[in-house]
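Nothing in this text is a laboratory measurement; each read-out follows from the coordinates by a stated rule. Quick caveat: nothing in here was measured; it's all calculated off a predicted structure. Heads up, the Cβs are rebuilt from the backbone with ideal geometry, glycines too, and the neighbour counts pull from every protein chain shown.
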Amino acid sequence: MLKVNAIYFDVEGTLISRIEYINYEDIIEIFLEYGVMITVNMWKAAYDYVTYIDYPRYGYKRMRSFMKRVLYRLNINYSDDLLNDLTRYYSKHLKYRLYEDVKPSIKALKKAGFSLGIVSDIPYFMFREYIWPIKRYFDVILTSYELGCDKSCPLAYRKAAQYLNTTADKILVVGDHPVVDVAVPIQAGMKAVLLARDNVPKFEVKPSAVIKSLYDLVNILD
């Protein structure tokens, strides 16, 4: 049994799953319509730069401002029409849903007296509407903007501990990634549970437990 009084949850792959994906060929076609040539790798690199470097600094609150920064990182001339088309495309196709085990599990954990939080590298505006049914159960929702860096840095988790007014050793992190949701929080002094909904991924740092569903989480907590 794990003795903790607070739990942080990852978002994508843990609380929500993708139900629609971005087709990068569509992105390239949007650019070509405006006479701009970029590659898929260029787009991914610029998008990731904004996600992991710019967003923690500036905390964009809307898709349009996020897309505008991606275009800035591409260092190209663009029109407002191109920016608007990209914004509409991502707003339409970046879709998620709650996993079926999420709401009853979160509700049970809150009733049991645990402090609950979310920690994510995904900008809040991208997942806000999808966690709305469970938002009231969380004491804090943190992204890399509030933490000052992405989750690959132990400092992010050490800062997250301050928001729940407890010590790191009393915090459990639950997520599906063996590095940012397990190895890094353990390095920060926390406990970590690996959520493997399908196959168990390889890991170098052993998690406190491996579970297949959030229903299993209630059974391993003291």
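Things to note:
- Residue-by-residue Karplus 3J(HN,Hα) for the range 141-156, coefficients 6.51, -1.76, 1.60, Hz, glycine and proline x: 10, 10, 10, 4, 5, 5, 8, x, 6, 7, 6, 6, 10, x, 4, 4
- For the range 49-58, 3J(HN,Hα) per residue [Karplus equation, 6.51 cos²θ - 1.76 cosθ + 1.60, θ = phi - 60°, Hz, x = Gly/Pro]: 4, 5, 5, 9, 10, 6, 4, x, 8, 10
- Across 68/92; 61/92; 111/159; 110/206; 170/206; 61/191, pairs whose alpha-carbon gap is larger than 21 Å: 111/159; 110/206; 61/191
- Amide H contacts under 5 Å for residue 96, placed H, 5+ residues apart: 19
- Cβ crowding within 10 Å ranks 151, 111, 159 as 111, 159, 151, fewest other Cβ atoms first.
- Rounded to whole Hz, the Karplus (6.51, -1.76, 1.60) HN-Hα couplings of the range 72-77, x for glycine and proline: 4, 5, 6, 6, 10, 7
- Helix 102-111 axis, angle to the chain major axis (alpha carbon atoms, nearest 10°): 40 degrees
- C-alpha long axis of helix 80-93 to longest principal axis of the chain, angle in °: 40 degrees
- Summing charges over neighbours of residue 17, with a neighbour being any other residue whose Cβ is under 9 Å away from its Cβ, gives +2 when K and R count +1 and D and E count -1.
- Residue with peak Gaussian network fluctuation, the chain [Cα springs, cutoff 10 Å], from 122, 16, 28: 28
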